[in-house]
C-alpha cells in the first residue's frame, strides 16, 4: 500500500468489533512503535498494550468517560520516559522531546494499524495521574496518549475537511 494512500485513508475509529487482534498484527504494531525516530536515539518512550477489561475500563474513566476506550480489544498507552531523557536533555527533553518521541511512534503505529485493516483513534483527553495510577506506572513515566485499536465496526467514508495548503504551508 502506498504510504500517502494510507495517510489519506486513515480515519479515527471509535467503534470496534469484538474480534481479537492476531499475534502477527500485534508484532507489526510493536515494530512500528520501536522503529520511529527519537531524540538522540534515546528512545525515551514506553508503550503499554492493555487488553485486560478492568484496566481498559479504568482508562475509559480516566479518559473522561469515553466508553469506546474500554470497548477496543487493545489500548496502547504511550508514555514519555523522563528518567531516560532528563540526564541528557534536561527540562526541554522532559517537556518536549520525549513527548514528540511518543507522538511520532504512535503515529507510525496508527498508520501500520490502518494498513493492517485495524482502526485507531488518538485520545489525548484524559487525566494523566488517574491513568498512571490505574496502570501502576512509576513516577518517571508520563502517559501522553491513549490509542484504542481494533477492527472497525464502521469506517467513515470521507475525511473531515482540511484547511487549504496556502494557510498551512509556507516556503521561505
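Please report Rg over Rh for the chain, where both radii come from the alpha carbon positions and Rh follows the Kirkwood definition.
My calculation of the ratio gives 0.98.
Could you calculate the contour length gain from residue 122 to residue 6, that is, 0.36 nm times the residue separation minus the distance between their Cα atoms, to one decimal place in nm?
So the chain would gain 40.1 nm between residue 122 and residue 6.
Using 1/(1 + (r/R0)^6) with R0 = 35 angstrom and r between the beta carbons of residue 19 and residue 91, what's the FRET efficiency to the nearest 0.05?
Efficiency computed from Cβ-Cβ geometry: 0.20.
Let me have the relative contact order for the chain, percent, based on Cα pairs under 8 Å that are six or more residues apart.
33
Using the Kirkwood formula on the Cα atoms of segment 70-140, what hydrodynamic radius do you get, in angstrom to one decimal?
13.7
Would you compute, from DSSP H runs of 4+ residues alone, the mean residue ellipticity of the chain at 222 nm, taking -39500 (n - 2.57) per run and dividing by the full residue count, rounded to the nearest 500?
Helix-only estimate at 222 nm: -12500 deg cm²/dmol.
Can you compute the modelled spin-label distance between residue 52 and residue 157, with each label point 7 Å from Cα toward Cβ, in nm?
4.3
In whole Å, how far is the Cα centre of segment 132-172 from that of segment 30-107?
12
Where is the GNM fluctuation largest for the chain (alpha-carbon springs, 10 angstrom cutoff): 111, 96, 29?
Among 111, 96, 29, the largest mean-square fluctuation in the Gaussian network model of the chain belongs to 96.
Laboratory data are not the source of any read-out in this text; all were calculated from the coordinates shown. Note that the coordinates shown come from a computational prediction; the quantities given were computed from them, not determined experimentally. Methodologically, a virtual Cβ is constructed for each residue, glycine included, from the backbone with ideal geometry; neighbour enumeration extends over all protein chains shown.
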